[in-house]
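> Sending over a structure as structure tokens; questions will come in a sec.
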Amino acid sequence: MNIKPLADRVLIEPKEAEKKTASGIIIPDNAKEKPQEGTVVAAGPGKKDEPMELKVGDVVLYGKYAGTEVNSPDGKTYMIMRQSDVLAVIG
């Protein structure tokens, strides 16, 4: 991958949006909610006064409108955001 976050930013691969409800109803593309969960695939070194707490492989929960969507040359979509935009580490 050619994307390397700087300072206190992390690169997150978002979890895929749900395609079906628990009862089996198929959700159309225009009604799917943007996922708020993903896996950290790259992390910057942090700032001098704020060390990086996240590491590659962490499953995280982030804000609904946090970060910027970026597309990699291989066609995958990632989110890049500041460490402070991440709300929690899951599991």
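> Taking a probe of 1.4 Å, how large is the accessible area per residue of the chain, in Å²?
Normalised by residue count, the accessible surface of the chain is 69 Å².
> Next question. Hey, what's the per residue convex hull volume over the C-alpha atoms of the chain, in cubic angstrom?
Normalising the Cα hull of the chain by residue number yields 109 Å³.
> Based on Cβ point charges of +1 for Lys and Arg and -1 for Asp and Glu, what charge dipole magnitude is obtained for the chain about its Cα centre, in debye rounded to the nearest 20?
Rounded to the nearest 20 debye, it is 80 debye.
> Less than 12 Å Cβ to Cβ from I90, Lys/Arg counted +1 and Asp/Glu -1: what total charge do the surrounding residues give?
With Lys, Arg at +1 and Asp, Glu at -1, the neighbours total -1.
> Among 6-13, 40-47, 71-78, how do they line up from the highest to the lowest mean number of other beta-carbon atoms within 10 Å?
Result, highest mean first: 6-13, 40-47, 71-78.
> What number, in nm² with one decimal, is the all-direction average of the projected area of the convex hull of the alpha-carbon atoms of the range 36-86?
3.8
The values are calculated or read from the model by the stated rules, or taken from the named source; none is laboratory data. Here the structure is a predicted model, which is why all the values come from computation and not from measurement. Note: ideal-geometry Cβ built from the backbone for every residue, glycine included; neighbour counts use all protein chains shown. Only protein heavy atoms, including side chains, enter the accessible area calculation; ligands, DNA and RNA are left aside. Shrake-Rupley method; radii C 1.70, N 1.55, O 1.52, S 1.80 Å.
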